[in-house]
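Encoded as structure tokens, the structure appears first; notes follow it.
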Amino acid sequence: MSLAFVNALECKEPHSDEIWAVAWTANNTAVSASADGTVKQWDSASGQVSMSRPPHNLAIVSLSVSPDGMFALYNGLDGTTWLWDLQADTVVGRHESYDRSAVQGAEPSWSVSLNPKGATYAGTSSSGNVNIYSASPDSFGTRQAVLTSGRSRHGMDCVHSPDGTRVALSNEAGQVFIFDLESQALTSTYSSHAMCVRSLAWSSDGQLLLTASDDKRLILHDVRSTPSGKPGSGAVATLTGHSSWVLSTSISPDGRLAASGSADKTIKVWDLSARAAVSTLQESGEVWSVAWSPKPPAPGTAGAFITGGQDGHVRWWRSAGTGA
């Protein structure tokens, strides 16, 4: 089977540098974070900027939006983290995670993830830990817990499970860790990759985790948690086809498809049940971020996703039907 996707829309005012993160919100807007220091919200019907934040003096390296599309959490290269109220266009939280004068043992955040439940967010660090911080405006950035992986390697990505009970961490050495947030325990460790894992994506039911690596592979993991506490079976499929680093990945809301962006300047769409690529799209540069629309696809269609990368453009891709 093959699927056709078309470039249905392109942003009208591109970033002046690479886009390192994109998100498609429940309100049908797109949010992008760039090495030019800006974060922008886009209208998905017109491709026009609807809101933007004043530029930070360093790159914005990580982005996470709330499931209801009300808030965007983003993080700068120096470890400054902001919480942006997308309805009021106001920053309601700002935290300098690198400030050791305020907290002993403070660690600059790299990747950040807003808990779907809304009360906390997670941040990776160069020490291999995941720090849990308050996301409440009146106490934003107050550290509440430190989750230790036991590996002192830089944390590349962290993402909460859709139900907010777990958080996954990947590191520069190719390892992936899953923590239970209630017990603060490390429940699973996977060493499926030989090189840096740059991106993680959960399925909407929280049973699968897809990992994207510099080893040119994506690996699908069974991460189901059972009442007995026994973890899932781990790596269940390897997706190959990219010719360079896989920089980003995302799973469709119905769990049937995944998208991946690569340094080989392509986007691939994968059928997860068939374990095969069903579409390859050419881009003008490295594809640093992909994100599916959170809206389930209409019957007979394969849905839509957005991308961002080296050329600073946000692009909307939509299913054009199926073929043999």
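The values are calculated or read from the model by the stated rules, or taken from the named source; none is laboratory data. Since we're looking at a predicted model, the values are computed, not measured. With ideal geometry, Cβ positions are generated from the backbone for all residues, glycine too; neighbour counts draw on all protein chains shown. When the accessible area is computed, the model is the full protein with side chains, heavy atoms only, and any ligands, DNA or RNA have been set aside. Shrake-Rupley method; radii C 1.70, N 1.55, O 1.52, S 1.80 Å.
Here are the numbers for the structure shown:
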read-out: Part-to-part distance (alpha-carbon centres) for the stretch 153-175 and the stretch 4-36, which is given in Å; value: 23 Å
read-out: Residue list for the stretch 7-48, given a label point 7 angstrom along the Cα-to-Cβ vector of Ser284 and an amide N cut-off under 15 Å; value: 7-19
read-out: Solvent-accessible area of Thr238 with every protein chain in place, 1.4 Å probe, in Å² to the nearest 10; value: 70 Å²
read-out: Karplus-derived 3J(HN,Hα), 6.51/-1.76/1.60, for each residue of the stretch 205-211, Hz, glycine and proline x; value: 8, x, 8, 10, 10, 9, 10
read-out: Net charge contributed by nearby residues that have their C-beta within less than 14 Å of Leu58 (K/R +1, D/E -1); value: -4
read-out: Most mobile listed residue (Asp180, Asp36, Asp138) in the chain, GNM with C-alpha springs under 10 Å; value: Asp138
read-out: Computed label-point distance, nm, for sites Asp17 and Thr240 using a 7 Å Cα→Cβ extension; value: 3.7 nm
read-out: Estimated vicinal HN-Hα couplings, Hz - the stretch 39-56 in sequence order (Karplus 6.51, -1.76, 1.60; Gly, Pro = x); value: 10, 10, 10, 10, 7, 6, 8, 10, x, 8, 5, 9, 7, 8, 9, x, x, 7
read-out: 20 Å reach of a label modelled at Ala45, 7 Å along Cα-to-Cβ, counting backbone N of the stretch 275-313; value: 293-298, 304-306
read-out: Per-residue ³J(HN,Hα) for the stretch 11-25, Karplus 6.51 cos²θ - 1.76 cosθ + 1.60, θ = phi - 60°, Hz, x for Gly and Pro; value: 5, 8, 10, x, 5, 8, 8, 4, 8, 9, 7, 9, 8, 9, 8
read-out: Placed amide H near Gln175: partners under 5 Å, 5+ positions off or other chain; value: Val197
read-out: Centre separation in Å (Cα based) which lies between the stretch 270-311 and the stretch 195-221; value: 15 Å
read-out: The chain - percent relative contact order, Cα under 8 Å, separation 6 or more; value: 16 percent
read-out: Global form of the stretch 1-146, assessed from the alpha-carbon gyration tensor, a/c cut-off 1.5; value: prolate
read-out: Where labels lie 7 Å past Cα in the beta-carbon direction, separation of Ser2 and Asn28 in nm; value: 3.1 nm
read-out: Gain in span if fully extended, Lys117 to Gln207, counting 0.36 nm per residue against the direct Cα distance; value: 30.6 nm
read-out: Distance in nm between pseudo-label sites at Thr226 and Thr189 (7 Å out along the Cβ direction from Cα); value: 2.2 nm
read-out: Cα-centre dipole for the stretch 144-292 with unit charges at Cβ (Lys and Arg positive, Asp and Glu negative), debye to 20; value: 260 debye
read-out: Shape call, the chain: gyration tensor on alpha carbons, a/c limit 1.5; value: oblate
read-out: Extension gain from Arg153 to Tyr98, taking 0.36 nm per residue of separation minus the Cα-Cα distance; value: 18.1 nm
